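A quick write-up on the structure given underneath.
None of the figures in this text is laboratory data; all of them are computed from the coordinates on show. Given the structure is predicted, the values throughout are model-derived calculations rather than measurements. Positions of Cβ are generated from backbone atoms using ideal geometry, with glycine treated the same way; all protein chains shown enter the neighbour counts.
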Amino acid sequence: MRKLLRKPSPAMVIACLALFVASTGTSIAASHYLITSTKQIKPSVIKKLKGANGPRGNTGAAGVDGVDGAAGATGAPGISNLVIVESAHYDVPPGFLSYAAPIAYCPAGTKVVGTGFYNSITDAGFVKAYGSIVGAIFWNNSSITVTGVYVQAICASVATTSASSVTASTTNSDRQRFEADLAKAKAAVKPDAR
């Protein structure tokens, strides 16, 4: 009985201790130096770990065409029957208060979409569109007769509810507005201003 309980020898203690350290040291080292991110590896080492690119694969078959989208909203109506109409050509004699007041009329069913004029050396008091007509006043401040002044009405059919219906009554109304502007322009001219 006494022989079984004797103290272990120092060699036995060192051997057991070495066995214990050898078996647990590996697991301690493994958990302490476990790599969880590429940031823990030196960039030059990562470069050495990369292999060469593999061969390029074949191009796949073309995909099926997609479904057509819904139709867009209807666009704004455009213009048609574009025509340029010139007024009569007028000569304006020299002298105080000498003027020409040309008018260009759009054809029925069209309205003014633009204006133009030729006034040579006269002064243009105004050139203005009035729905279905273009009117102007040109003053001659020179000492010579100015020839061939005129206005242009650029006319077209415009597909809106009211703009394309030019009638005799609308033309008369447009003419009256022009004549009112003409009277104002003539009244505004003073002898000391010319």
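For the peptides 39-45, 56-62, what is the packing order when you average, over each peptide's residues, the other Cβ atoms within 10 Å and list the highest mean first? Write down the numbers at each step before the final one.
Values: 39-45: 8.7, 56-62: 5.9.
Top of the packing list down: 39-45, 56-62.
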For the stretch 117-130, in residue order, the Karplus 3J(HN,Hα) values (coefficients 6.51, -1.76, 1.60; θ = phi - 60°; whole Hz; Gly and Pro = x) are 6, 10, 10, 6, 9, 6, 8, 7, x, 6, 9, 9, 8, 10
Need one number: nm distance between label points at residue 52 and residue 189, each 7 Å from Cα along Cα→Cβ, rounded to one decimal.
9.5
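State the extension gain, in nm to one decimal, for the chain segment bounded by residue 7 and residue 44, taking 0.36 nm per residue of separation less the distance between their alpha-carbons.
Here the answer is 7.7 nm.
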Quick query: amide H of residue 98 versus all other amide H atoms, modeled in the peptide plane; which residues come in under 5 Å with a sequence gap of 5 or more or a different chain?
140
Built amide H within the under 5 Å cut-off of residue 115, gap 5+
154
Can you tell me the order of 121-133, 7-19 when each peptide is scored by its average per-residue count of other Cβ atoms within 10 angstrom, highest first?
121-133, 7-19
Potential extension, residue 36-residue 83 segment - 0.36 nm per residue separation minus Cα distance:
8.9 nm
